[in-house]
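Worksheet: the structure to be examined is printed underneath.
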Amino acid sequence: MEVQRELAQIIRELKDPRIAEMTSVTDVSVTPDLKQCKAYISVLGSDEELKQTMDGLKSAEGFVRRELARRINLRNTPEIRFIGDGSIAYGVDMAHKIDEVIARDNAARPAEAESDDSETSED
């Protein structure tokens, strides 16, 4: 958890213009021997922004690793591999779709209620 928190902080401080502002470290898995680290990165934006962010992070891997070693006292500083994670974008997309369905449902309800009222008043 500490590795994830520090990686997120380091990424926020990077000056590379390719790295999107809305970049999150969604998960980190470190091998027991602390030699390998997979950092799952999500970007709130387009697929192109995710690709550019991943390119920027790939080029900054050495710097990020050195910064991580400076901030966290570990026996070994893991080699970091950044992996794109579309879960946040997927969640936002699903939330928009749900909102659209609810809005359509609510828009259809008053029309149903009016047609029900007109049928009962004609009797």
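Shape call for segment 21-110 from the C-alpha gyration tensor, a ≥ b ≥ c root eigenvalues: rounded (a/c under 1.5), prolate (a/b greater than b/c) or oblate? Prolate, since a/c reaches 1.5 and a/b exceeds b/c.
Taken as Cα centroids, segment 61-104 and segment 1-45 sit 6 Å apart, rounded to the nearest whole angstrom. Taking the chain as a Gaussian network of alpha-carbon nodes connected by springs under 10 Å, the highest mean-square fluctuation of the residues Ile83, Ile11, Ile102 belongs to Ile102. Beta bridges per DSSP, both residues in the chain: antiparallel share near 55 percent. Positive end of the dipole of segment 1-116 (Cβ unit charges, origin at the Cα centre): among Val3, Ala69, Thr31, the Cα lying farthest that way belongs to Ala69.
Build a GNM of the chain with springs between Cα atoms under 10 Å apart, and of Ala20, Ala103, Ala60 the one that fluctuates most is Ala103. Based on DSSP loop calls and a cut-off of at most 11 other Cβ atoms within 10 Å, the longest stretch of the chain free of exposed trypsin sites (Lys or Arg not before Pro) is what? My reading of the result: 16-74 is the longest stretch. A Cβ-based charge dipole, computed about the Cα centre of the chain with Lys and Arg at +1 and Asp and Glu at -1, lands at about 1920 debye. Which residues among segment 18-55 fall inside the zone where the amide N is under 19 Å from a point 7 Å beyond the Cα of Met1, along Cα→Cβ? Those under the cut-off are 25-32, 38-40.
Coordinate-derived values only; no laboratory data. Here the structure is a predicted model, which means the values were calculated and not measured. A quick note on method: Cβ atoms are made from the backbone with ideal geometry, for glycine too, and the neighbour counts reach across all protein chains shown.
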